[in-house]
Amino acid sequence: MILEKERKEIVKYLKKMLNDGLTKGTSGNISICDRKTGYIAISPSGMDYTKIVPEDIVIIDFEKKIIDGKRKPSSECDLHISIYKSKEDANSVVHTHSMFCAVLSTLNMPIKAIHYVIADCGASEVPVASYKMYGSEDLAEEVVKSMKKSYACLMANHGMVACGEDLKSAFGLAATCEWVAEIQWRALSIGTPNYLSDSQILEVEKKFKRYGQNLGEEKKNSYF
């Protein structure tokens, strides 16, 4: 089976995405890009994540051609492919319909630097891409245009997307964004939050590279 390891990992994280409350039903999607072959393992469209198996994961190329798999690939193939093209250091994409990210997206409100862990996204805030029809090339273009330095983006009246060097980091960033979005929502409901400055976030970004067991390594390390 082509990209067997990647398929198994996607199945594991689809179930985790559902169990962690980052999506509902069959919404959301996950992919892993194998840069060596140019193939992308991506979740299938509209399938029950509690019953999904590795064989259900579809392998496509950058032209959306199905290389392996009997299922219909995610409706957001264009979104995943566009992110891989625009961020060459991204090898995984996670798209969720998480509650608080979706709430802020309906307000056209970025996730701001209300907590230092937002530095995990690579910028001082998570931007919002203007509303476009789900599954469209227009949406993919709008997200890529809006992301700029950030490795995450809200999608107006829709949800959010995050990417990273591997699935663990992409999923971790999606979880971080949801956590900070909830803090922002709660803070705004009772007062005016204090936001960190760009320079303060940059300082955190640098420190994150040595967080955990990254001793002497200049490597991005997800907080979650």
Does segment 151-174 contain any residue that is surrounded by fewer than 19 Cβ atoms within 10 Å (Cβ to Cβ) and aromatic (Phe, Trp, Tyr)? no
Give me the residue from segment 126-145 that is under 15 Å from Lys85 (Cβ atoms) and free of Cβ contacts under 8 Å to residues at least 24 places away in the same chain and, out of that set, surrounded by the most Cβ atoms within 10 Å (Cβ to Cβ). Glu142
Which pairs do you get when a residue that is under 11 Å from Ala113 (Cα atoms), found in segment 190-208, comes within reach of a residue that is assigned to a loop (DSSP other than H, G, I, E, B) and polar (S, T, N, Q), reach meaning Cβ atoms under 6 angstrom, with the pair 6+ apart or on two chains? Asp198/Ser124; Ile201/Ser124
Just a yes or no: is a residue in segment 73-83 touching a helix residue (DSSP H, G or I) at 6+ places or on another chain (Cβ under 7 Å) and part of a loop (DSSP other than H, G, I, E, B)? no
Just wondering, is there one or more residues in segment 178-191 that are part of a helix (DSSP H, G or I), among the charged types (D, E, K, R) and within 26 Å of Arg35 (Cα to Cα)? no
It is to be established whether one or more residues within segment 200-212 are within 27 Å of Lys5 (Cβ to Cβ) and among the small types (Gly, Ala, Ser). yes
Out of everything in segment 70-85 that is of a type outside the set (D, E, K, R) and touching a strand residue (DSSP E or B) at 6+ places or on another chain (Cβ under 6 Å), what residue ends up being surrounded by the fewest Cβ atoms within 10 Å (Cβ to Cβ)? Tyr84
I'd like the full set of residues that are outside any helix (DSSP H, G or I) and touching a Gly at 6+ places or on another chain (Cβ under 9 Å), limited to segment 151-177. Tyr151, Ala152, Gly159, Ala162, Gly164
If I filter segment 138-150 for residues that are in a strand (DSSP E or B) and over 10 Å from the mean Cα position of the chain (by Cα), do I get at least one hit? no
Given the conditions (1) free of Cβ contacts under 8 Å to residues at least 12 places away in the same chain; (2) under 14 Å from the mean Cα position of the chain (by Cα), and given that His97 satisfies all but one, which numbered condition is not satisfied? (1)
First in segment 7-27 and free of Cβ contacts under 8 Å to residues at least 24 places away in the same chain, second anywhere and of a type in the set (Phe, Trp, Tyr) and surrounded by 14 or more Cβ atoms within 10 Å (Cβ to Cβ), Cβ under 8 Å, 6 or more apart: Thr26/Tyr49
Among the residues of segment 4-51 satisfying the criterion of being basic (Lys, Arg) and not in a loop (DSSP other than H, G, I, E, B), which is farthest from the chain's Cα centre (by Cα)? Lys5
Right, Gln184: polar (S, T, N, Q) and at pLDDT below 95 or not? no
Filter result for the condition that a residue is touching a strand residue (DSSP E or B) at 6+ places or on another chain (Cβ under 9 Å), assigned to a strand (DSSP E or B) and farther than 20 Å from Lys15 by Cα, over Ile118, Ile67: Ile67
Given the options Lys51, Lys5, Lys16, name the one that is within 20 Å of Ser169 (Cβ to Cβ) and either small (Gly, Ala, Ser) or surrounded by fewer than 14 Cβ atoms within 10 Å (Cβ to Cβ) (or both). Lys5
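The values are calculated or read from the model by the stated rules, or taken from the named source; none is laboratory data. A quick note: this is a predicted structure, and the numbers were derived from the prediction, not measured. Here Cβ is always computed from backbone atoms with ideal geometry, including for glycine, and neighbour counts include all displayed protein chains.
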